[in-house]
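Notes to accompany the following structure.
Bear in mind that the values in this text are calculations on the coordinates, not laboratory data. A quick note: this is a predicted structure, and the numbers were derived from the prediction, not measured. We place every Cβ from the backbone using ideal geometry, glycine too, and count neighbours over all the protein chains shown.
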Amino acid sequence: MKSEAMWDRLASDWDKPGASLSQSDSRLLERAKKHLNASAAVLDYGCATGTIALELASSVNTVSAIDISSKMIAVARRRAGERALTNTHFMHATIFDEQFNEEAFDAILAFSILHLVENPSAVVQRIHQLLKPGGIFIASTPCLGEKTVVSVLLNLPIFLLSKIGVLPRISFFSAAGLAAVMTNAQFQIVETEFLSVRPITEYFIVARKL
């Protein structure tokens, strides 16, 4: 797929200037950990080179991490091997892969990914299927559809690059629209907050499977 090829090209430089956890990702991870425990089976959806999954491994029972880029996964596996981690499993897969059983996970993380998928509603419904009853979905998503003068000016180049195929298809969510996708998939919103975790503001949501 075109988007897979693009992420493959980015894999070797994704974590430069270093592979350590950025300040932005550290904030997200600390927020996520408040909703996890040592017995949790976690899925990291859209894991890239595994930075979040690797840092989370010592706090939970198991971490399964998936990405559509085989080269991102190769980097993640190498990094896990360097740390001699035995409870992380990196897979070149999509969220719809049949190897995942329904109600297999206590928590699923989706950081900076929902705005990049072709059908966000179908993805969130699939995440609901994969979670155990009462399971937690933790997402952080750029809400590029928030209508302010600043956001429109900043998002216009992103919109144009997406339209001409330089960037993958991007959903311009509003915070309310993203929350509606969650509730329509039978999630109960537990916590929300706008976080300036990257150059753009992301909407942090914790939702529980009903």
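Of note:
- A cut-off under 12 angstrom between Cβ atoms defines the neighbours of residue 95, and their net charge, with Lys, Arg +1 and Asp, Glu -1, is -4.
- Solvent-free Debye scattering, log10 I(q)/I(0), computed from the Cα coordinates of the range 36-153 at q = 0.11, 0.13, 0.17 Å⁻¹: -0.37, -0.51, -0.82
- Fewest-first sequence of 25, 44, 97, 106 by Cβ atoms within 10 Å of each Cβ: 97, 25, 106, 44
- Environment charge of residue 41, counting only residues whose C-beta is closer than 12 Å and scoring Lys/Arg +1, Asp/Glu -1: -2
- Order of 141, 192 - criterion: other Cβ atoms within 10 Å of each residue's Cβ, fewest first: 192, 141
- Förster-model FRET efficiency, 35 Å R0, residue 74 and residue 192, C-beta, rounded to 0.05: 0.50
- Among 69, 112, the order by Cβ neighbours within 10 angstrom, fewest to most, reads 112, 69.
- Cα gyration tensor shape for the range 34-105, rounded if a/c is under 1.5, else prolate or oblate: oblate
- Charge tally for residue 30 (other residues, Cβ to Cβ under 14 Å; Lys, Arg +1; Asp, Glu -1): 0.
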